[in-house]
């Protein structure tokens, strides 16, 4: 594990960019940035970026969920909205309170759904989850979030790889910022509303099989505290910094 200020990072970046120029192939195929926060930093945070891991197969589309491809962007696939209820193989959903498929569909347990309702959590709706044979689950709901409106600040670095950000073929001028976030996340303060669930306006990622570019997910401090208090498992957060529009 290396600190981000380790001089070896710049050496690896130079070797990676050279390998891509000469062979057109990456030298480093996998990397993960871990950010740790003190209790004081978590308490002072105004917004969190949420990740649900690990994801699972099969996706909703694999199980018969219908998407309107005619409305999707021909380059990136964004805009192909779900039509009708989510269908999943109920036996494959991980036994925890929140889970996400590799297609981006998010489900929450009936326990967490009831806890969010009791706490007055806002910014989401719940949809049914059907099994492969059309029977509605009593244990799971689909988490439905509105179209995103959070704007990432220009201070947020996005690119293809931490070691070779450019070129990034995932970028779509209308819908996709790039492949992934490479830096700390900065959000324009004026784009954050009063809800507890938020999504970024622009997506990240590439179209791959049944997967599509997805917006970043954000939660309020109130929802983060609920997750911690109710011992929700397998979720990860990064502190999102709020900044004024420049």
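Of all the residues in the range 113-144, those that are buried (at least 20 other Cβ atoms within 10 Å of the Cβ) and out of contact with any strand residue (DSSP E or B) (no Cβ under 6 Å at 6 or more places or on another chain) number 1. Residues of the range 28-51 that are over 17 Å from residue 219 (Cα atoms), at pLDDT 85 or above and either in contact with a helix residue (DSSP H, G or I) (Cβ under 7 Å, 6 or more places away or on another chain) or outside any loop (DSSP other than H, G, I, E, B) (or both): 39, 40. For residue 50, the test of being under 30 Å from residue 190 (Cα atoms) and surrounded by 12 or more Cβ atoms within 10 Å (Cβ to Cβ) is passed.
Restricting the search to the range 52-86, which residues are assigned to a strand (DSSP E or B), closer than 28 Å to residue 227 by Cβ and without any contact (Cβ under 8 Å) to a residue 24 or more places away in the chain? Answer for the range 52-86, where residues must be assigned to a strand (DSSP E or B), closer than 28 Å to residue 227 by Cβ and without any contact (Cβ under 8 Å) to a residue 24 or more places away in the chain: just 82.
Can you find, within the range 192-220, the residue that is surrounded by the most Cβ atoms within 10 Å (Cβ to Cβ) among those that are assigned to a strand (DSSP E or B) and out of contact with any strand residue (DSSP E or B) (no Cβ under 8 Å at 6 or more places or on another chain)? Can you show your working first?
Filtering the range 192-220 down to residues assigned to a strand (DSSP E or B) leaves 197-204, 208, 211, 214-219.
Subset that is out of contact with any strand residue (DSSP E or B) (no Cβ under 8 Å at 6 or more places or on another chain): 208, 211.
On the way: 208: 10, 211: 17.
Selected residue: 211.
Please find, among 61, 41, the residue that is in contact with a strand residue (DSSP E or B) (Cβ under 8 Å, 6 or more places away or on another chain), surrounded by 12 or more Cβ atoms within 10 Å (Cβ to Cβ) and under 30 Å from residue 151 (Cα atoms). Steps first, please.
On the way: 41 fails: surrounded by 12 or more Cβ atoms within 10 Å (Cβ to Cβ).
On inspection, the qualifying residue turns out to be 61.
Among the residues of the range 112-139, those identified as in contact (Cβ under 8 Å) with a residue 40 or more places away in the chain and under 18 Å from residue 228 (Cβ atoms) are 112, 115, 116, 119, 121. Could you check the range 151-179 and list, in sequence order, the residues that are in contact (Cβ under 8 Å) with a residue 12 or more places away in the chain, closer than 24 Å to residue 14 by Cβ and either in contact with a helix residue (DSSP H, G or I) (Cβ under 6 Å, 6 or more places away or on another chain) or crowded, with 19+ Cβ neighbours inside 10 Å (or both)? Hits for the range 151-179 are 156, 158, 159, 160, 161, 162, 163, 164, 170, 178, 179. Residue 103 passes every criterion in (1) within 30 Å of residue 225 (Cα to Cα); (2) over 17 Å from the mean Cα position of the chain (by Cα) apart from (2).
The values are calculated or read from the model by the stated rules, or taken from the named source; none is laboratory data. Keep in mind it's a predicted model, so treat the numbers as computed, not measured. Neighbour counts run over all protein chains shown; Cβ positions are idealised from the backbone, glycine included.
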